[in-house]
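In what follows, a single structure is set out as structure tokens and then discussed.
The values are calculated or read from the model by the stated rules, or taken from the named source; none is laboratory data. Keep in mind that this is a model prediction, so the values were computed, not measured. Ideal geometry is used to build each Cβ from the backbone, glycine not excepted, and the neighbour counts take in all protein chains shown.
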Amino acid sequence: MSHQPFETWLLSGESLNPQQEQALDAHLQTCKECQKLSIALYQVSVVLETSPEPTPQPGFSQRWHKRLSVHRHQQQQRRMWFMTLGLFSIAGFILSALLILNHQAINWVYELSQFIANFSLAAARVIQLWSILQSITKTLPILIPMMILLGVGLFSATTVLIITWFRSLIRLYKPLEEGVSVR
Amino acid sequence: MHEKEALWIKQALNGSDKAFGFLVDSYQKPVYSLCYRMLGNSRDAEDAAQESFIRAYQNLKKYDPKRSFATWLLSIASHYCIDRIRKRQLVTVSTDVLQTELIPDRNTPNPERRFQEQEHELMIQNLMNDLKPIDRAAVALRYWHEYSEVEIAEALNLTVSAVKSRLYRARQTLAKTWMDMENAHLIGERRPHESPAF
């Protein structure tokens, strides 16, 4: 027995005109298979449509706010890692490029002799500076406290500058507060 | 669109979490319900619904105010659930979760009724498990959200004829699963007050 077009009518879920409905009813009286299909479809639709709407546990939006802040924090950390990694990669790339470019131009013997010469010159300068300092301390002992004061002042200024620099870095990487968009 | 809703969207676009929170409050039920129907358990549904709202907030700039906000949100949720089902490559629900959820709490006021409800849920999940992820989304939107074929097409980025053929195929699968369940006597006709143990 042919089940068409009755099977298609049943499964399409579209509304039928009176003639089609009559023809379908007549077919269902004689065809057991289509009858079974019709009953099954009806029962499935009843089961689906009568089921209660699932609802989330109370406090859904509070949990969402928490999740949003965690998500932002992770995003911030990821961004920081990418930035650091990027900077290192760029620096590494530049150094490698310079090394590759200069590899053949470098005269290692010349560079080594230059290094030794510069080192000896620097050592000689340090010795010279030391002797000047000795002569100053011998001749002008009054300058020592002033030099100490100047040194302490310079050291304090440098420390303050370093602290300020670190504080701005910490503030830069600090997670955003709620209400501040990341976009 | 509701005036308040338009205002919340505008404020959320300017970075107000509180305004988007109001939208979460308003749409938590339909989004959670869709996720639950697609994923089959409350734990995954909660996670998927939360994630859908995060994605919606992040992509709020892409939202077209001419479209329905609910359809846009459900579109995000259904695509997320489809991806999730595909990733786990398992259309069936974890039996552990279902077994745990099927045991009625002794402190529930009406454990018999609660058990029947859970049995009903299990029946629905058995029916849904045999459907392909996109078909599952189409059925959920059609039966529980009463979406038209045009709206389903909009939400799932399909053509209307594709939606029609997917719903046709889904009904065929649902009817077959139902008949199989009947043959396997999974759909018992328990009398009221009868213990679920018998």
Seminar exercise, completed: Filter segment B:117-164 for residues that are among the polar types (S, T, N, Q), assigned to a helix (DSSP H, G or I) and touching a residue at least 12 places away in the same chain (Cβ under 8 Å); the one that is surrounded by the fewest Cβ atoms within 10 Å (Cβ to Cβ) is B:Asn129
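A quick yes/no check of all residues on (1) exposed (fewer than 12 other Cβ atoms within 10 Å of the Cβ); (2) of a type in the set (S, T, N, Q); (3) assigned to a loop (DSSP other than H, G, I, E, B):
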| position | (1), (2), (3) |
| --- | --- |
| A:Leu28 | no, no, no |
| A:Gln43 | no, yes, no |
| A:His73 | no, no, no |
| A:Phe82 | yes, no, no |
| A:Leu95 | yes, no, no |
| A:Leu98 | yes, no, no |
Problem set entry | Any helices (runs of 4 or more DSSP H) falling wholly within segment B:13-110 and containing at least 1 residues that are within 25 Å of B:Glu146 (Cα to Cα) and modelled with pLDDT under 95 | B:17-39, B:42-58, B:69-88
For this session: Within segment A:56-71, track down each residue that is loosely packed, with under 13 Cβ neighbours inside 10 Å and either at the interface with another protein chain (Cβ under 7 Å from one of its Cβ atoms) or touching a helix residue (DSSP H, G or I) at 6+ places or on another chain (Cβ under 8 Å) (or both).
Result: A:Gln57
Seminar exercise, completed: Exactly one of B:Ala70, B:Ala77 is under 13 Å from the mean Cα position of the chain (by Cα), farther than 17 Å from A:Lys66 by Cβ and not acidic (Asp, Glu), and that residue is B:Ala77
Seminar exercise, completed: Apart from one, (1) surrounded by fewer than 21 Cβ atoms within 10 Å (Cβ to Cβ); (2) under 30 Å from B:Ile85 (Cα atoms) all hold for B:Leu23; the odd one out is (1)
Exercise. Would it be correct to say that A:Ser156 is of a type in the set (Gly, Ala, Ser), modelled with pLDDT of 75 or more and closer than 30 Å to A:Lys66 by Cβ?
Worked result: no
Seminar exercise, completed: Being closer than 30 Å to B:Ser165 by Cα, without any contact (Cβ under 8 Å) to a residue 60 or more places away in the chain, touching a Ser or Thr at 6+ places or on another chain (Cβ under 7 Å) and within 14 Å of another protein chain (Cβ to nearest Cβ) narrows A:Glu53, A:Glu49, A:Glu14 down to just A:Glu53
For this session: Pick out the one residue from A:Ile127, A:Ile136, A:Ile90, A:Ile163 that is modelled with pLDDT under 90, assigned to a helix (DSSP H, G or I) and either surrounded by 10 or more Cβ atoms within 10 Å (Cβ to Cβ) or more than 14 Å from every other protein chain (Cβ to nearest Cβ) (or both).
Result: A:Ile136
